[in-house]
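Notes for the one structure printed next.
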Amino acid sequence: MLDRMKFLMTCGCLIAASPLWANIVTFGAESADFGVYCAVDPDVEVPAEGTISGVVNLVTEPPVFQRRTNLIPAQIGVGFGVHLMVSPDYQGQIVVQTTHPPMGPEGITRENWVTEVTEGRMALHGFSFEYDYEMVRGDWSISASVDGRLIYHADFVVVDPATVPPLACTGQMLS
């Protein structure tokens with residue numbers, strides 16, 4: 001009973017302290033949404049010098065958000081990010097930037113990469129937890145810009161998985 005009360009109190013505090021529905025700001029998007037998803041296998045891996053791993057994984061079809069939330073469980077197999085359709089003036093090569101608490105042996109806090117977006121096509125800009133060192137708890141953000149003009153900015157909080165409802169990924173519950 002005491003553990004359940006701690007869980008509920010922690011959840012209540014996190015929810016009260018987090019802007020669950022008002023955490024994305026868009027300027028150059030026809031549509032944008034955010035949330036948590038079950039990580040999917042990439043269709044292609046491309047070099048990305050501005051990232052810790054040196055690559056980004058691309059998918060043809062963006063995964064479906066399991067929940068529209070900015071509270072993200074720090075757990076292997078979980079991803080989070082933004083679904084985006086850009087306005088015509090913002091299509092082409094864009095820079096996506098992720099900020100997070102210090103990660104890896106060098107304490108990196110900012111990663112960025114260049115990608116293409118096309119008007120009328122849904123894109124995913126996100127982060128999936130693949131390795132233990134990536135699951136740093138705290139404030140994260142994902143943003144994108146073109147020619148120095150902000151397209152969107154979204155804030156997330158990576159938390160202990162025990163403090164959020166579990167996700168149903170690939171037939172098993174992640175909690």
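The values are calculated or read from the model by the stated rules, or taken from the named source; none is laboratory data. Everything numeric in this text was worked out from a predicted model, so none of it was measured. A quick note on method: Cβ atoms are made from the backbone with ideal geometry, for glycine too, and the neighbour counts reach across all protein chains shown.
Summary of values
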quantity: Subset of region 98-113 [modelled with pLDDT of 95 or more and not acidic (Asp, Glu)]; calculated: Thr98, Thr99, His100, Pro101, Pro102, Met103, Gly107, Ile108, Thr109, Arg110, Asn112, Trp113
quantity: Close pairs (8 angstrom Cβ cut-off, 6 or more residues apart or separate chains): within 22 Å of Cys38 (Cβ to Cβ) in region 124-150, acidic (Asp, Glu) anywhere; calculated: Phe127/Glu134; Arg137/Asp160; Trp140/Asp155; Ser141/Asp155
quantity: Region 78-92 - residue that is part of a strand (DSSP E or B) and touching a residue at least 60 places away in the same chain (Cβ under 8 Å) and, of those, surrounded by the most Cβ atoms within 10 Å (Cβ to Cβ); calculated: Leu84
quantity: Long-range neighbours under 9 Å by Cβ, at least six apart or interchain, first residue assigned to a strand (DSSP E or B) within region 31-60, second of a type in the set (Lys, Arg); calculated: Asp33/Arg68; Phe34/Arg68; Gly35/Arg67; Gly35/Arg68; Val36/Arg67; Val36/Arg68; Tyr37/Arg67
quantity: The listed residue being closer than 23 Å to Thr115 by Cα, touching a strand residue (DSSP E or B) at 6+ places or on another chain (Cβ under 6 Å), at pLDDT below 90 and among the hydrophobic types (A, V, I, L, M, F, W, C), out of Val25, Val95, Val44, Val55; calculated: Val25
quantity: Positions within region 43-85 being over 13 Å from Phe127 (Cβ atoms), over 13 Å from the mean Cα position of the chain (by Cα) and not aliphatic (A, V, I, L, M), in sequence order; calculated: Asp43, Glu45, Pro47, Glu49, Gly50, Gly54, Thr60, Glu61
quantity: Only listed residue being surrounded by fewer than 19 Cβ atoms within 10 Å (Cβ to Cβ) and either in contact with a His (Cβ under 6 Å, 6 or more places away or on another chain) or not polar (S, T, N, Q) (or both), chosen from Gly107, Gly126; calculated: Gly107
quantity: Test: residue in region 142-153 that is under 17 Å from Phe65 (Cα atoms) and modelled with pLDDT of 95 or more; calculated: yes
quantity: Leading residue by the ranking (farthest from Val55 (Cα to Cα)) among those in region 149-161 that are loosely packed, with under 15 Cβ neighbours inside 10 Å and touching a strand residue (DSSP E or B) at 6+ places or on another chain (Cβ under 9 Å); calculated: Asp160
quantity: Residue satisfying all of: in region 100-150; outside any strand (DSSP E or B) and acidic (Asp, Glu); farthest from Val78 (Cα to Cα) among these; calculated: Asp147
quantity: Residues (small (Gly, Ala, Ser) and touching a residue at least 60 places away in the same chain (Cβ under 8 Å)) located in region 93-119; calculated: none
